[in-house]
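Here's the structure we're looking at; comments come further down.
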Amino acid sequence: GADWGRAEAIVKEVEDASATPIPRLKEVADSLAHEMEAGLDSDDHDHLLKMVITYVHTLPTGDEKGLFYALDLGGANFRVLRVQLGGKEERVIDQEFAEVTIPTNLMVGTEKELFDYIASELAKFVKKEGKKFSPESGHQRELGFTFSFPVHQTAIASGTLIKWSKGFAVSEMVGKDVVVALKKAMERQGLDMRISALVNDTVGTLAGGRYRDEDVMAAVILGTGTNACYVEHADAIPKLKGPLPKSGHMVINTEWGNFWSPHLPMTEFDKALDAESINPGDHIFEKLISGMYLGDIVRRLLLRMAVEAALFGDNIPSTLREPYVLITPNISAMHQDVSSDLEVVENTLKNVFGISNIPLRTRKLVVELCNIVAVRAARLAGAGIVGILKKLGRDVIGASGKNRTVVAIDGGLYEHYPLFRHNMQIAVKELLGSEVSETVIIEHSKDGSGIGATLLAASNSQYS
Ligand code: ADP
Ligand code: MG
């Protein structure tokens, strides 16, 4: 049977190595704020945080009117969306969307094949535009393009692809302007539409959040990956050249997935995961926090317990050695298993690893491991949010009194994992203290990025 003494010693060891007490989280938040500052200074050095200038300096006000489209490409599925905006009074009058899966062969084919496919699906969607939607007569239709891959943005509606991720590998596209690629493909489809804004998902979420609540100052994505953007003072961005935007503001995409600090509580499991990943040394913050990785961290813990404490008997199930078989939805399901005999844990271990007849004591231990990994992730995400608040000077009550600050969050990890949300919220509260935390509101902005892209198309319309 299992060596319980050894098993418990390993749990204790992992627990200690993963601990996120408040002083440590404060160091993480401080060092994030510090790295943000460094990244704003220049692009010359190899800063941890890219702090990308998005060229979005006017955010939605609610006055936006008319018909606008959005195209959201960030993974194997893309979404097309249209909204009829009615200004302050009528708000979003109508909206429709369609979701399309990109055939895997197109994800690794040519630019023309990929973009022709996307443009043809968009054209089909536009053809189905019903009477509820009305473009202004004589006006060209306009589109906001949400593109969630690393881009070197050069203007609100242009940016060159730095590299693909998430299974895409259309290598001839790297270094090229993605707006031009889409525009040419739309022309080949005979689709007359202007691409008015190129944004990533965090910026779309920020815009969508701001439309509903004028105190939204930052947006965070917690999904397969993680990232955050926020509204910075234009004069606090030394690397921003040329005349400052009239609004006095600029949205900065932090690309915080790549954050690293010696204060991050990394264990041997995290180090091994990183070393065996496709981007070793990169995106450490993301590897501790986001949905792509939490399952695999727990798998590595289980494997060590199986090897060293015979947790699943004398034969080590070979399935435990398969990278990424245990996924984050499995973790949240087991972690939140409320059945008295932990049935969900039993079924998950059976379905994923083919392990059966697991005693209750072992199931409880598995829940404990999920808890350690998820709580650490949630608290680090909370520290990240506080780091941004710090950079904004909103982690204290200002001289002008209580400023309300809203952070809009979206992504599958946040949406579908209540215990993650709860632990993140607790960490933010502990870090800020009760008085300040009353002024900070974290809200779920579901699918805000699609609407956000239409709103940014409106703010950047050729007719406004
Ligand atoms: P993406 O980040 O790829 O744009 P989503 O925002 O929809 O997409 O997030 C998907 C991710 O959310 C998945 O990769 C998974 O890690 C995480 N996720 C999905 N469902 C759950 C769940 N039930 N519990 C925890 N995490 C989940
Ligand atoms: Mg997404």
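Here, each number is a calculation from the coordinates, and none is a lab measurement. Everything numeric in this text was worked out from a predicted model, so none of it was measured. Every residue, glycine among them, receives a Cβ derived from its backbone with ideal geometry; neighbour counts consider all protein chains shown.
What is the range 360-464 by shape, rounded, prolate or oblate, if you read a ≥ b ≥ c off the alpha carbon gyration tensor as root eigenvalues and call it rounded for a/c under 1.5, prolate for a/b larger than b/c, and oblate otherwise? Oblate, since a/c reaches 1.5 and b/c is not below a/b. All Cα-Cα distances of the chain, cut into 20 Å bins from zero to the largest, leave 24, 53, 22, 1 percent in each bin in turn.
What's the magnitude of the charge dipole for the chain around its Cα centre, counting Lys and Arg as +1 and Asp and Glu as -1 at the beta-carbon? Answer in Debye, nearest 20.
On the way: 49 positive and 62 negative charges, 154 e Å.
Rounded to the nearest 20 debye, it is 740 debye.
Taking the fewest neighbouring Cβ atoms within 10 Å as the starting point, the ordered list for Lys391, Lys364, Lys112 is Lys364, Lys112, Lys391.
Neighbouring Cβ atoms within 10 Å as the yardstick, rank Ile441, Ile355, Ile221 fewest first.
Working: Ile441 14, Ile355 20, Ile221 28.
In increasing order of surrounding Cβ atoms, one gets Ile441, Ile355, Ile221.
Under the shape rule built on the C-alpha gyration tensor, where the axes satisfy a ≥ b ≥ c, the range 100-235 is oblate, since a/c reaches at least 1.5 while a/b does not exceed b/c.
Ordering Asn403, Ile355, Thr319 by the projection of their Cα atoms onto the charge dipole of the range 311-464, which places +1 on the Cβ of Lys and Arg and -1 on the Cβ of Asp and Glu, puts Asn403 at the extreme positive end. When you count the other C-beta atoms within 10 angstrom of each residue and take the mean per peptide, 252-259, 146-153, 381-388, 276-283 line up highest first as 381-388, 252-259, 146-153, 276-283.
Toward the positive end of the charge dipole of the chain, about the Cα centre and with charges on Cβ (Lys, Arg +1; Asp, Glu -1), which of Phe259, Ile426, Thr61 goes farthest? After comparing all options, I get Thr61. Shape analysis of the range 54-107 places it in the oblate category; the axes a ≥ b ≥ c from the Cα gyration tensor give an a/c of at least 1.5, with a/b not above b/c.
Among Ile237, Ile195, a tally of other beta-carbon atoms within 10 Å of each Cβ gives an order, fewest to most, of Ile237, Ile195. The charge dipole of the range 182-243, taken about its Cα centre with unit charges on the Cβ of Lys, Arg, Asp and Glu (plus for the first two, minus for the last two), comes to roughly 400 debye. Placing unit charges on each Cβ (+1 for Lys and Arg, -1 for Asp and Glu) gives the chain a dipole about its Cα centre, and among Gly5, Tyr117, His233 the Cα reaching farthest toward its positive end belongs to Tyr117.
Between 0 and 90 degrees, the angle of helix 360-391 with respect to the longest Cα principal axis of the chain falls at about 40 degrees.
When both bridge partners sit in the chain, DSSP labels roughly 65% of those beta bridges antiparallel.
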